[in-house]
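The values are calculated or read from the model by the stated rules, or taken from the named source; none is laboratory data. These numbers were taken from a predicted model, which means no experiment stands behind them. Every residue, glycine among them, receives a Cβ derived from its backbone with ideal geometry; neighbour counts consider all protein chains shown. Each accessible area value is taken on the protein alone, full model and side chains, heavy atoms only, with ligands, DNA and RNA left out. Shrake-Rupley method; radii C 1.70, N 1.55, O 1.52, S 1.80 Å.
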Amino acid sequence: MSPDTVLDELVSAAQSSFAAARSPADLENAKAQFLGKAGRVTELMKGLAALSVEDKKTRGAAINQTKQAIEAALTARRQALAQAELDAQLKAEALDVSLPGRQRSTGGLHPVSLTLERIEAIFGSMGFDVAQGPEIETDWFNFTALNTPEDHPARSMHDTFYVEGGTEAAPNLLRTHTSPMQIRYAVQHVKKHRAMLDRGELMPEIRVIAPGRTYRVDSDATHSPMFHQCEGLWIGENVSFKDLKVVFTDFCRTFFETKDLVLRFRPSFFPFTEPSAEIDIQFQQGPLAGRWLEVAGSGQVHPNVVRHMGLDPEKYIGFAFGMGPDRLTMLRYGVNDLRLFFDGDLRFLSQFN
Ligand code: DAH
């Protein structure tokens, strides 16, 4: 075999060895076999020492060419491996731009929350404050302070959810109405204006609504054990039934967005008001036209209740009302089963947004 054939074979051996390398690490190992300190090209170089000056020149040049050819093959393979790696990465991280986008659906408010927001906005525009109170109440705020006698049927276990945490003499319960907020709010208001009252001055009027959840042992198409109420209270020096009528009529007409709406105050009884009235409304147009629909209880705040607020009933007088936002929502949207509101079915709930 001529020396040149040996060199040519060395180049092709290097080429196929590099081609067999599947990774950059493999390739570096293959490189060492040819170009490393103990590699085959290096061995050839060492062999030059034994040659004459003339032969060294030609043989040296030939070996150099071989070395360059192997280095070129190495560089080409390095680039090919790097390109393959990049291609694989691009493929793995590819975006399919033809896929439909992932939708982020927007949430919406519950229909009863929408009603509560409307109630707050309307009464807010009439100068009413909005107050929140506890759902676990004491028997004092829920009944006693509201002039409800010991033997009143509402206090029975059949009607009221009693809960742990109180004593036998002062039990805790889930509030059966928002009326305890009349006392809680008024007591705070009186405390805030104590100095004025002590000087015999007239305190600013109490004008507040208190929306929230309430609980009773009751369940059918028109009753849920949890339901909503919104209390209203207006106490001042000279607040009368006439004011109640104006305020509530205004509220109903704004809430239902119609002037064609008539109110009726039907005599009733509540322990915490005297006189008391049930408020009915009648639409003059639309699917409910002509029917009387009960929307609230109301009345002039009983002197005993005014006393429990820390005020003198000879000086302060006013009215209160309690309405049902669930029922207002049913009337406004024409929903006929209260339970739909609390089943949590999105097909129903999403229609309101
Ligand atoms: N608390 C009463 C109920 O739950 C409703 C009510 C009636 C509230 C008359 C009042 C009122 O403030 O004056 O049935």
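Selection over the stretch 223-256 of residues that are within 16 Å of the ligand (Cβ to nearest atom), touching a helix residue (DSSP H, G or I) at 6+ places or on another chain (Cβ under 8 Å) and open to solvent by 40 Å² or more (accessible area, probe 1.4 Å) gives a count of 2. When the stretch 111-155 is filtered for residues that are open to solvent by 40 Å² or more (accessible area, probe 1.4 Å), at negative phi and small (G, A, S), the ones remaining, listed by number, are S113, A121, S125.
D4 falls short on exactly one of the conditions (1) open to solvent by 80 Å² or more (accessible area, probe 1.4 Å); (2) modelled with pLDDT of 90 or more, and that condition is (2). Note on the stretch 325-343: among residues that are within 14 Å of D280 (Cα to Cα) and open to solvent by 20 Å² or more (accessible area, probe 1.4 Å), the one that is nearest to the ligand (Cβ to nearest atom) is R327. Elements of the type helices (runs of 4 or more DSSP H) sitting completely within the stretch 123-200 and holding at least 3 residues that are more than 14 Å from the ligand (Cβ to nearest atom): these cover 180-192, 194-198.
Here the condition is being more than 10 Å from the ligand (Cβ to nearest atom) and in contact (Cβ under 8 Å) with a residue 40 or more places away in the chain; of L263, L293, L311, it holds for L311 alone. If you go through the stretch 198-210 and pick out every residue that is buried (at least 20 other Cβ atoms within 10 Å of the Cβ) and over 19 Å from V246 (Cα atoms), you end up with 1.
Every residue, every condition in (1) touching a Phe, Trp or Tyr at 6+ places or on another chain (Cβ under 7 Å); (2) of a type in the set (D, E, K, R), yes or no:
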residue	(1), (2)
Q103	no, no
R118	yes, yes
V130	no, no
A145	no, no
P171	yes, no
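When we screen F352, F283 for residues that are closer than 21 Å to I119 by Cα and in contact (Cβ under 8 Å) with a residue 40 or more places away in the chain, the only hit is F352.
Taken over the stretch 211-222, residues that are among the small types (G, A, S) and either open to solvent by 60 Å² or more (accessible area, probe 1.4 Å) or out of contact with any Leu (no Cβ under 8 Å at 6 or more places or on another chain) (or both) amount to 2. How many residues does the stretch 1-50 hold that are in contact (Cβ under 8 Å) with a residue 24 or more places away in the chain and of a type in the set (S, T, Y)? So the count comes out to 1. Filtered by the rule that a residue be of a type outside the set (K, R), exposed (fewer than 14 other Cβ atoms within 10 Å of the Cβ) and within 39 Å of the chain's Cα centre (by Cα), the stretch 257-283 gives E257, T258, D260, V262.
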